[in-house]
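Undergrad: Right, I'll just put the structure down here and ask away after.
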Amino acid sequence: MVSQATAVEIGLNAAIVSVQSQTPQILVISGGERSDGDTSSADGLPIGAFDPLLHRTFETGLRASVQEQTALHLGYVEQLYTFGDRGRHKQPGDTGPHVVSVGYLALTRPRPDQSATLENAGALWRDWYVYFPWEDWRDGRPPLLDSVLLPALKAWAHEPATHDRHLPSRTSRLRLAFGDEDFPWDEERVLERYELLYEAGLIEEAVADGRVPKTGLDFPLGRQMWIDHRRILATAMARLRGKLKYRPVIFELMPPEFTLTSLQTTVEAISGRHLHKQNFRRLVEGAELVEPTGASSAATGGRPAALYRFRRKIFEERPAPGLKLGGR
């Protein structure tokens with residue numbers, strides 16, 4: 001018999017992503033608009049409990065939970081990581097079981113008729129750059145990096161600290177994660193950047209966890225999430241950005257027929273990068289990922305644009321049919 005003190009529960013966290021109006025969206029359970037460090041008011045990712053008597057696998061449990069709570073149909077689903085640090089759900093005086101969460105990345109195309117169901121579930125779509133404003137480079141280098149974030153991180157990196165000689169120094173990690181001192185910015189290092197900010201005590205989650213009494217900043221760096229859900233989201237963002245380059249997952253976020261312009265803006269939304277129009281079109285056409293439908297769309301009000309669809313035969317032709325976006 002398992003004692004109360006050693007009991008473990010398995011939760012299934014879902015980072016559910018869509019792209020709407022050229023904006024990458026993440027489905028969250030809203031915690032309201034407070035930002036006073038109260039974690040009960042922070043946003044959280046949808047979570048369901050795994051029941052081994054009902055669910056054959058974790059993934060079937062996740063899909064069933066999301067369908068029941070939100071009526072969303074998940075397309076692509078991929079397990080990210082198991083988040084089980086001691087105390088991640090524990091509150092003062094809490095003697096309940098230890099909760100281990102299996103994190104998932106899920107992609108979907110939301111429908112307008114689902115809005116009422118989402119509202120009833122207390123869920124809504126938010127721009128994921130609300131949580132990671134330094135990750136959006138579509139309009140160039142975010143001013144926040146040089147005005148606030150990097151100066152604070154450099155001050156932290158030069159503080160006296162015990163250093164394990166087998167690990168990179170704080171300064172080295174900072175250069176690599178944030179592309180400082182002529183190092184290139186790598187859009188896939190979302191999690192590494194978040195973890196540096198957490199270690200430096202510069203985000204609200206570090207305050208909520210008792211790591212630091214306050215952030216030392218005049219305003220929060222991104223919107224706070226419940227316990228380690230922003231870490232889970234960072235993991236999902238990094239995985240999806242990397243996946244674009246070797247799997248055609250971007251088409252899980254597209255309608256069956258689309259213009260090349262809408263495909264480009266969707267890729268830009270996820271990667272956080274601005275892409276040159278002609279280079280992008282050569283890349284897509286050269287990779288043979290799409291095929292014309294023969295129809296066109298005048299939805300933009302201008303000259304009709306050709307409509308394309310994903311060319312599924314690509315799966316039979318090569319093992320890694322992604323978009324090799326290249327470096328910045």
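Undergrad: Can you go through ASP139, ASP146 and tell me which one is part of a helix (DSSP H, G or I), surrounded by fewer than 16 Cβ atoms within 10 Å (Cβ to Cβ) and among the acidic types (Asp, Glu)? So that I can check it myself, show each step before the final result.
TA: On the way: ASP139 fails: part of a helix (DSSP H, G or I).
Only one candidate passes the filter, namely ASP146.
Undergrad: Which condition from (1) surrounded by fewer than 19 Cβ atoms within 10 Å (Cβ to Cβ); (2) in contact with a helix residue (DSSP H, G or I) (Cβ under 6 Å, 6 or more places away or on another chain) is the one that GLU187 breaks?
TA: (1)
Undergrad: Follow-up. Would you be able to tell me the number of residues in region 190-209 that are under 16 Å from ALA155 (Cα atoms) and in a loop (DSSP other than H, G, I, E, B)?
TA: Adding up the residues that qualify gives 4.
Undergrad: I've got another one for you. Specify which of the listed residues (ARG247, ARG173, ARG165, ARG223) is of a type in the set (Lys, Arg), part of a loop (DSSP other than H, G, I, E, B) and over 27 Å from LEU107 (Cα atoms). Before you say what the answer is, go through the steps one by one.
TA: Details: ARG247 fails: over 27 Å from LEU107 (Cα atoms); ARG173 fails: part of a loop (DSSP other than H, G, I, E, B); ARG223 fails: over 27 Å from LEU107 (Cα atoms).
Unique residue meeting the criteria: ARG165.
Undergrad: Quick one: in region 242-258, of everything that is in contact with a Lys or Arg (Cβ under 9 Å, 6 or more places away or on another chain) and charged (D, E, K, R), which residue is surrounded by the most Cβ atoms within 10 Å (Cβ to Cβ)?
TA: Applying the filter and picking the extreme gives GLU252.
Undergrad: Just to confirm my filter: which strands (runs of 3 or more DSSP E) fall fully inside region 1-84 and include at least 1 residues that are touching a His at 6+ places or on another chain (Cβ under 7 Å) and either acidic (Asp, Glu) or at pLDDT below 90 (or both)?
TA: Numbers: elements: 8-20, 23-29, 47-49, 77-83.
In region 1-84, the matching strands (runs of 3 or more DSSP E) lie at 8-20.
Undergrad: Still on this structure: Give me the residue from region 264-298 that is of a type in the set (Gly, Ala, Ser) and in contact (Cβ under 8 Å) with a residue 24 or more places away in the chain and, out of that set, surrounded by the fewest Cβ atoms within 10 Å (Cβ to Cβ). Working first, answer last.
TA: So in region 264-298, the residues of a type in the set (Gly, Ala, Ser) come out as 269, 271-272, 286-287, 294-298.
When the remaining residues are screened for being in contact (Cβ under 8 Å) with a residue 24 or more places away in the chain, the result is 269, 271-272, 287, 295, 297.
Working: ALA269: 24, SER271: 25, GLY272: 21, ALA287: 16, ALA295: 11, SER297: 15.
Once the filter is applied, the top-ranked residue is ALA295.
Undergrad: Please specify each residue of region 186-227 satisfying the condition of being free of Cβ contacts under 8 Å to residues at least 24 places away in the same chain and among the hydroxyl-bearing types (Ser, Thr, Tyr).
TA: If the condition is that a residue be free of Cβ contacts under 8 Å to residues at least 24 places away in the same chain and among the hydroxyl-bearing types (Ser, Thr, Tyr), then THR215 is the only one that fits.
Undergrad: Something else about it: I'm checking my understanding of the structure. Among residues of region 205-227 that are aliphatic (A, V, I, L, M) and surrounded by 20 or more Cβ atoms within 10 Å (Cβ to Cβ), which one is nearest to SER18 (Cα to Cα)?
TA: Pass one, region 205-227, residues aliphatic (A, V, I, L, M): 206-208, 212, 217, 221, 225, 227.
Filter once more, keeping what is surrounded by 20 or more Cβ atoms within 10 Å (Cβ to Cβ): 221, 225, 227.
Numbers: LEU221: 23, MET225: 19, ILE227: 23 Å.
Among residues in region 205-227 that are aliphatic (A, V, I, L, M) and surrounded by 20 or more Cβ atoms within 10 Å (Cβ to Cβ), the one nearest to SER18 (Cα to Cα) is MET225.
Undergrad: Does ARG230 satisfy the condition of being crowded, with 18+ Cβ neighbours inside 10 Å, basic (Lys, Arg) and not in a helix (DSSP H, G or I)? Explain how you work it out, then say what you get.
TA: Values: crowded, with 18+ Cβ neighbours inside 10 Å: yes; basic (Lys, Arg): yes; not in a helix (DSSP H, G or I): no.
No: the conditions fail for ARG230.
Undergrad: Does at least one position in region 119-131 carry a residue that is touching a residue at least 60 places away in the same chain (Cβ under 8 Å), surrounded by 19 or more Cβ atoms within 10 Å (Cβ to Cβ) and under 24 Å from PHE251 (Cα atoms)? Even if it seems obvious, please write down each step before you answer.
TA: Here is the first cut: in region 119-131, the residues touching a residue at least 60 places away in the same chain (Cβ under 8 Å) are 121-131.
In the following step, the residues that additionally are surrounded by 19 or more Cβ atoms within 10 Å (Cβ to Cβ) were identified as 123, 128-129, 131.
This time we only want the ones that are under 24 Å from PHE251 (Cα atoms), so: 128-129.
Yes, some residue in region 119-131 is touching a residue at least 60 places away in the same chain (Cβ under 8 Å), surrounded by 19 or more Cβ atoms within 10 Å (Cβ to Cβ) and under 24 Å from PHE251 (Cα atoms).
Undergrad: If you don't mind, there's one more thing I want to ask. Confirm whether TRP134 is over 22 Å from the mean Cα position of the chain (by Cα), surrounded by 16 or more Cβ atoms within 10 Å (Cβ to Cβ), among the aromatic types (Phe, Trp, Tyr) and outside any loop (DSSP other than H, G, I, E, B). I'd like the intermediate steps shown before the answer.
TA: Numbers: over 22 Å from the mean Cα position of the chain (by Cα): no; surrounded by 16 or more Cβ atoms within 10 Å (Cβ to Cβ): yes; among the aromatic types (Phe, Trp, Tyr): yes; outside any loop (DSSP other than H, G, I, E, B): yes.
No: the conditions fail for TRP134.
Undergrad: Given THR235, THR261, which one is out of contact with any Phe, Trp or Tyr (no Cβ under 9 Å at 6 or more places or on another chain), surrounded by 14 or more Cβ atoms within 10 Å (Cβ to Cβ) and either outside any loop (DSSP other than H, G, I, E, B) or not assigned by TED's automatic domain parsing to the domain that holds LEU12 (or both)?
TA: On the way: THR235 fails: out of contact with any Phe, Trp or Tyr (no Cβ under 9 Å at 6 or more places or on another chain).
When all the criteria are applied, what remains is THR261.
Undergrad: Something else now. Touching a Ser or Thr at 6+ places or on another chain (Cβ under 7 Å), closer than 18 Å to LEU217 by Cβ and surrounded by 12 or more Cβ atoms within 10 Å (Cβ to Cβ): does that describe ALA152?
TA: So ALA152 does not fit the description; no.
Undergrad: Hey, does region 300-315 have a residue that's touching a strand residue (DSSP E or B) at 6+ places or on another chain (Cβ under 6 Å) and among the polar types (S, T, N, Q)?
TA: No: region 300-315 contains no residue that is touching a strand residue (DSSP E or B) at 6+ places or on another chain (Cβ under 6 Å) and among the polar types (S, T, N, Q).
The values are calculated or read from the model by the stated rules, or taken from the named source; none is laboratory data. Note that the coordinates shown come from a computational prediction; the quantities given were computed from them, not determined experimentally. Reconstructed Cβ throughout: ideal geometry from the backbone, glycine too, with neighbour counts over all protein chains shown.
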